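Asks: Mind looking over this structure? Questions follow.
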Amino acid sequence: MKKLESTWYNMTVVLTLISVAAGAALAYVNDLTAGPIRIIKEQQLQDGIKAVLSADDLTVKDTEEVDGVIVYRTDKGTAVQATDPNGFGGKLTVLVGFDSKGTIQGYRVLESAETPGLGAKAGDWFQKGQKGDIIGMSPAKNNMTVSKDGGEVDAITASTITSRAFLRCVNAAYAALAAEDAQSGATRQAEDNTYEEE
Amino acid sequence: MNQIKVFWNGLVKENPTFVLLLGMCPTLGTTSSALNGMSMGLATMAVLIFSNLIISLIKNFIPDMVRIPSYIVVIASLVTILQMVIKAYAPEIDQSLGLFIPLIVVNCIILGRAEAFAAKNDPLSSVTDGVGMGLGFTMALTLLGGVRELLGTGRIFSLAVFPEDYGALVFVLAPGAFIALGYLIAIVNRLKN
């Protein structure tokens, strides 16, 4: 078969047809995958909340978003998701778990573009028993900046920028939690008491 | 056309990475470990096979003057479909390669093979060319990723070979990618001649 001539009519019709067909294919696949993608995201978040609060079983009672920081209140403590745009490789998103006194229970790096072998170590470096251990600290009592800036946390070797971004996330997470507590402190207190009685 | 010859051509004789030096951006960017390199290679191969097939099937309906935009629409749609499928069914791969998948659209290998091969040959040969080139690319990326992972962290496919402290970190970073790739190209071309 001979190739179609490059006339205006042919070119317009062919490009339109190809685009429509591509659009239809994309719409179909999007429809197929939207469900599973949503379930996976939900699952990853649930796993993250459980991990940072070191609980196998919990229920999220309340979710609130303030300035991009998301606060998940659960019956085993509070998980806060904070993002800092200035990691070494871009956005860094961390989920931090706090108990009712604001002490850090655990954390998990949800999203990062840090350098493999350097900044990407943030996922382990600040965990319990590691060199930069932040578990058990509280931004209210401890100065949670890297030791180079006069704080109490050891930065990841050769990755001060990642460490600073990570700690900014932790502090932002605590700030959001504290602000919300101050705002609804009275009612929250009352609620907490009733839960304890149960 | 001889299918075996077409296949061998993509795998060795005109290996996209070591001989044609096409698609250097994903080659250098994703090969920080053997597994990353292999996943990127396989993802590219999947897109390459389907784009070669589709373009060779519709080549007679595309007027010459709009062939590049037409190819790009086909390739971009395939990559977007692949991205959605990976997100939905292989979230682990999405975690490590998510950023690089959309870049397959502008990978010169795919447009290059569409223009140089699929637009002139029958569908069967085009698929064979896609498999050959794709495997050649996957092999090269896995090899490069393996070398960088081994020299940088002392592991290969995450299995420890020697303690991480003896690894030269530079091989995991960008400069190491250039050094390792340069040596691999030299070695492959020496062996080939």
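Asks: Using a simple charge model, +1 on the beta-carbon of Lys and Arg, -1 on the beta-carbon of Asp and Glu, nothing else, what dipole does chain B show about its Cα centre, in debye to the nearest 20?
Replies: That gives a dipole near 420 debye.
Asks: Mind giving me the FRET efficiency for B:ALA160 and B:TYR89? R0 is 22 Å, r the Cβ-Cβ distance, nearest 0.05 is fine.
Replies: In this case the efficiency is close to 0.15.
Asks: Which value, in Å to one decimal place, does the Kirkwood hydrodynamic radius take for region B:1-82 when every pair of different Cα atoms is included?
Replies: Across region B:1-82, the inverse of the average 1/r is 14.5 Å.
Asks: Here is a follow-up. Once both axes come from the Cα atoms, what is the angle between helix B:123-153 and the longest principal axis of chain B, in degrees from 0 to 90, rounded to 10?
Replies: The angle comes out near 10 degrees.
Asks: On to the next question. Work out, in µm²/s and without decimals, the Stokes-Einstein translational diffusion coefficient of chain B at 20 °C, 1.002 mPa s, Rh from Kirkwood over C-alpha pairs.
Replies: Roughly 125 µm²/s, to the nearest whole number.
Asks: Separation between the B:ALA116 and B:LEU99 pseudo-spin-labels, each 7 Å from Cα along Cα→Cβ, expressed in nm?
Replies: For B:ALA116 paired with B:LEU99, the spin-label model returns 2.9 nm.
Asks: Now for a separate question. Using alpha carbon centroids, what distance separates region A:9-29 and region B:114-142, in Å?
Replies: Comparing the Cα centres of region A:9-29 and region B:114-142, I get a distance of 24 Å.
Asks: Taking the Cα centre of the protein assembly as shown as the origin, how large is its charge dipole in debye, to the nearest 20, when only Lys and Arg (+1) and Asp and Glu (-1) carry charge on their Cβ atoms?
Replies: Dipole magnitude for the protein assembly as shown comes out near 2060 debye.
Asks: Moving to a separate point now. Using +1 at the C-beta of Lys and Arg and -1 at the C-beta of Asp and Glu, which of B:VAL85, B:GLY167, B:THR138 has the Cα lying farthest in the positive direction of the dipole of chain B?
Replies: Checked the options; the winner is B:THR138.
Asks: Another question about this same structure. Please give the length that would be gained between B:TYR183 and B:LEU124 if that part of the chain were fully extended, namely 0.36 nm times their separation in residues minus their C-alpha to C-alpha distance (nm, one decimal).
Replies: 17.7 nm
Asks: Okay, next question. Say R0 is 35 Å: what FRET efficiency, to the nearest 0.05, do A:ASP124 and A:ASP57 get from their beta-carbon distance?
Replies: Computed FRET efficiency for A:ASP124 and A:ASP57 comes out at 0.90.
Asks: Using +1 at the C-beta of Lys and Arg and -1 at the C-beta of Asp and Glu, which of B:VAL66, B:ASN2, B:SER158 has the Cα lying farthest in the positive direction of the dipole of chain B?
Replies: The listed residue farthest towards the positive side: B:ASN2.
Asks: Among B:SER125, A:ALA21, B:LEU103, which residue has its Cα furthest toward the positive end of the charge dipole of the protein assembly as shown, with +1 on Lys/Arg Cβ and -1 on Asp/Glu Cβ?
Replies: B:SER125
Asks: If I model a spin label as a point 7 Å beyond the Cα along the Cα-Cβ vector, how far apart are those points for B:CYS108 and A:GLU111 in nm?
Replies: Result: 3.3 nm between the two label points.
Asks: Show me, bin by bin at 20 Å from 0, the whole-percent P(r) of the protein assembly as shown based on Cα pairs.
Replies: 23, 44, 26, 6, 0
Asks: What does the charge add up to near B:LEU169, with Lys and Arg as +1, Asp and Glu as -1, over the other residues with Cβ less than 15 Å from its Cβ?
Replies: -1
Asks: Ok, one more. With +1 on each Lys and Arg Cβ and -1 on each Asp and Glu Cβ, how big is the dipole of chain A about its Cα centre, in debye rounded to the nearest 20?
Replies: For chain A, the charge dipole is close to 1020 debye.
Asks: I've got another one for you. How high is the FRET efficiency from A:ASN86 to B:PHE61, r the C-beta distance, R0 41 Å, rounded to 0.05?
Replies: Result of the calculation: an efficiency of 0.25.
Asks: Where the eigenvalues come from the Cα gyration tensor of region A:51-197, what are the semi-axes √(5λ) of the equivalent ellipsoid, largest first, in whole Å?
Replies: Whole-Å semi-axes of the equivalent ellipsoid: 27, 15, 14.
Asks: Just to be sure I understand the rule: take each whole DSSP H helix in chain A, project its Cα atoms onto its long axis, keep it if the span is 30 Å or more and its mean Kyte-Doolittle hydropathy is at least 0.0. Which ones pass?
Replies: Helices meeting the criterion: A:8-52, A:160-183.
Asks: Taking neighbour counts of Cβ atoms within 10 Å as a proxy for exposure, in what order, fewest first, do B:ILE54, B:ILE101 appear?
Replies: B:ILE54, B:ILE101
Asks: Oh, and also: Need one number: nm distance between label points at A:ILE39 and B:LEU173, each 7 Å from Cα along Cα→Cβ, rounded to one decimal.
Replies: 4.3
Laboratory data are not the source of any read-out in this text; all were calculated from the coordinates shown. Everything numeric here is computed off the predicted structure, so don't read it as measured data. Neighbour counts are summed over all protein chains in view; Cβ atoms, including those assigned to glycine, are modelled from backbone coordinates with ideal geometry.
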